[in-house]
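Enquirer: Here it is: the structure, laid out below.
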Amino acid sequence: MNDPGVNYYTVVGGGETLEGVPMPAYSGKTGWEQHLSLSGCQESSSSHYSISGTPLLAQNGMAWQTSGGCGYGAWGTPPPVADEVYYINMRWNYTSLHGQPIYASKSWYYRKKVLVINPANNKKVIASIIEYGPSPSTGRVSGLSPEAALVLNAVTDDNLEYYWALDQTLPLGPL
C-alpha cells in the first residue's frame with residue numbers, strides 16, 4: 001500500500017461526502033491538540049494518561065488547562081476513551097459560527113469517523129469527531145489528538161488529507 005500512484009482514500013473506503021454531507025476541508029494544515037477530560041471535570045494529566053494509556057511522546061497537557069471549562073470537548077460530556085485517543089477537530093458544518101454553511105445537526109457529527117492521510121508518507125489513521133476547531137486565525141483546517149498525529153508522523157502545520165470513512169464501523173487508529 002505504498003504505491004504513490006494509488007488513491008488511498010478509495011482503497012480503504014474514504015469519500016468526500018457521507019450521507020450527502022461534505023467534509024469541511026479535504027486538505028490543509030493540522031495542529032497537535034491537547035487531551036480531553038475522560039473521568040471528570042478538569043481531570044489531572046496524570047489521571048488522564050493512566051486511564052488512556054497515553055504514550056510519553058503524546059503527553060502534552062489537558063485542554064482545560066489552557067481554555068478553561070471542564071475540557072470535555074464540543075459535546076460537553078466525557079468522550080469514550082478510544083475516541084479521545086484518536087480524535088480530530090475541524091470546523092464542522094453544524095454551526096455558522098465561522099461563516100460556513102450548516103449541513104447537518106451537531107448530533108449527526110458526534111463520533112463520526114474520518115480517514116486522515118499524511119501524503120508525505122502515506123500513513124493513515126481513522127479518527128473520531130468529538131471536538132470543534134481550530135480557530136480560523138491559526139491558518140489550520142484541523143487538529144488531531146497527539147496519538148493520531150504520532151500515527152501519521154505529523155507535526156503542527158503539516159498538510160494532510162481528510163475524507164469521511166464510508167465504513168463507519170472501522171476501528172479507530174492506524175490503518
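Only the coordinates and a few stated rules stand behind these numbers; no lab work does. Source: prediction; values computed, not measured. Ideal geometry is used to build each Cβ from the backbone, glycine not excepted, and the neighbour counts take in all protein chains shown.
Enquirer: Sort 58-66, 86-94 by packing, meaning the average of other beta carbons within 10 Å per residue, with the highest value first. Intermediate results must be reported in sequence, preceding the final value.
Expert: Values: 58-66: 15.1, 86-94: 23.1.
Descending packing order for the listed peptides: 86-94, 58-66.
Enquirer: On alpha carbon coordinates alone, what is the Rg over Rh value for the chain, Rh being the Kirkwood radius?
Expert: That ratio is 0.94, to two decimals.
Enquirer: Determine the sum of side-chain charges near Pro134: Lys and Arg each +1, Asp and Glu each -1, restricted to other residues whose C-beta is under 15 angstrom from that of Pro134.
Expert: Result for the neighbourhood of Pro134: -1.
Enquirer: Quick one: among Ala154, Ala127, Ala74, which has the greatest mean-square fluctuation in a GNM of the chain with alpha-carbon springs under 10 angstrom?
Expert: Ala74
Enquirer: Let me ask something else. With each run of n ≥ 4 DSSP H residues scored as -39500 (n - 2.57), what mean residue ellipticity at 222 nm is computed for the chain after dividing by its residue count and rounding to the nearest 500 deg cm²/dmol?
Expert: -3500 deg cm²/dmol
Enquirer: A further question follows. So for the chain, averaging the separation of alpha carbon pairs under 8 Å that are six or more residues apart and normalising by length, what relative contact order in percent results? Let's see the in-between values first.
Expert: Details: 370 pairs, mean separation 57.0, N = 175.
It rounds to 33 percent for the chain.
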